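I have placed the structure first, in the form of structure tokens, so that the comments after it can refer back to it.
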Amino acid sequence: MAETPGVTEPTLEEQIAAYQREFRDLDPQVEQIVSALSRLNRRMNVAYGRQTSALGISSAEWEVLKALVLSGAPYRLGPSDLAKRLGLTPAAMTHRIDRMVTEGLVTRERDESNRVRVIVELTAEGREKWLEAMRMATVFEEDLLQDLSAAERTALGDVLTRLLRRVEHAQPDAGGRLTDLN
């Protein structure tokens, strides 16, 4: 959605004040935290998207590369495993893999031990794209956290991990893209 020229997003304070005006039961402290997290997540995703775009890959392709690297050497998974990890339909995963094979980021081969099964494997070029994206992300992330001491980073990491665990426990099926949110 394109922004209207001259119209900017309200500050967190303005947003919370408007919410409080319209919804009196709002806890402004809670709203500040969740709104700041939401805005931070959105802006980080934009920054990461710009980085992957500069490398000639999409954010969607980055997710596949990441899933293959996280699987460990030799960086191989079946398409259905990839689809489950990324919360995609098999058809969407097939389309994504097709593009990535054409771009030389992954290969798709029949499993020698089970000719019905297909294996997607990270190529040297795909691994190099992943490494370069990681280098770029590391610079961005270090800059983002530069004003935090080691103790503050540890505390923030601990708090955010606790929040993540609470959401994962309450919404265990929310790891991928949910059909009810489309």
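The structure-derived value of Cα Rg over 2.2 N^0.38 Å appears in the list (1) 1.27; (2) 1.19; (3) 1.02 under the label (1).
Between segment 24-87 and segment 130-155, what is the C-alpha centre distance in whole Å? The distance from the Cα centre of segment 24-87 to that of segment 130-155 comes to 16 Å.
With +1 on the Cβ of every Lys and Arg and -1 on the Cβ of every Asp and Glu, and nothing else charged, how large is the dipole of segment 58-142 about its Cα centre, in debye rounded to the nearest 20? Mind showing how you got there, number by number?
Values: 13 positive and 14 negative charges, 71 e Å.
Roughly 340 debye, rounded to the nearest 20.
Determine the relative contact order of segment 58-142: mean sequence separation of Cα pairs under 8 Å and six or more apart, normalised by residue count, in whole percent. Can you show the working numbers first?
Numbers: 88 pairs, mean separation 25.3, N = 85.
Dividing the mean separation by the residue count of segment 58-142 yields 30 percent.
For segment 1-111, a crude dipole built from +1 on the beta carbon of Lys and Arg and -1 on the beta carbon of Asp and Glu, taken about the Cα centre, is about 460 debye to the nearest 20. Among M136, M100, G157, whose Cα sits farthest toward the positive end of the charge dipole of segment 67-182 (+1 at Cβ of Lys/Arg, -1 at Cβ of Asp/Glu, about the Cα centre)? With unit charges placed on the Cβ atoms, the residue in question is M100. Tell me, what is the percent relative contact order of segment 23-99, built from C-alpha pairs under 8 Å that lie six or more residues apart? Contact order relative to length: 17 percent.
Between the helical axis of 124-144 and the longest alpha-carbon principal axis of the chain there is an angle of about 10 degrees.
What relative contact order, as a whole-number percentage, does the chain give when Cα pairs under 8 Å and 6 or more residues apart are counted? Show your work: numbers first, answer last.
On the way: 127 pairs, mean separation 32.3, N = 182.
Normalised by residue count, the contact order of the chain is 18 percent.
For the pair S58 and A18, label points projected 7 Å from Cα toward Cβ lie 3.1 nm apart. Each of the peptides 158-164, 123-129 was scored by the mean count of other Cβ atoms within 10 Å over its residues; in descending order, highest first, they stand as 123-129, 158-164.
Readers should treat all values here as calculations from the given coordinates under stated rules, not as data from a laboratory. Given the structure is predicted, the values throughout are model-derived calculations rather than measurements. For neighbour counting, all protein chains shown are included, and Cβ atoms are generated from backbone atoms with ideal geometry for every residue, glycine included.
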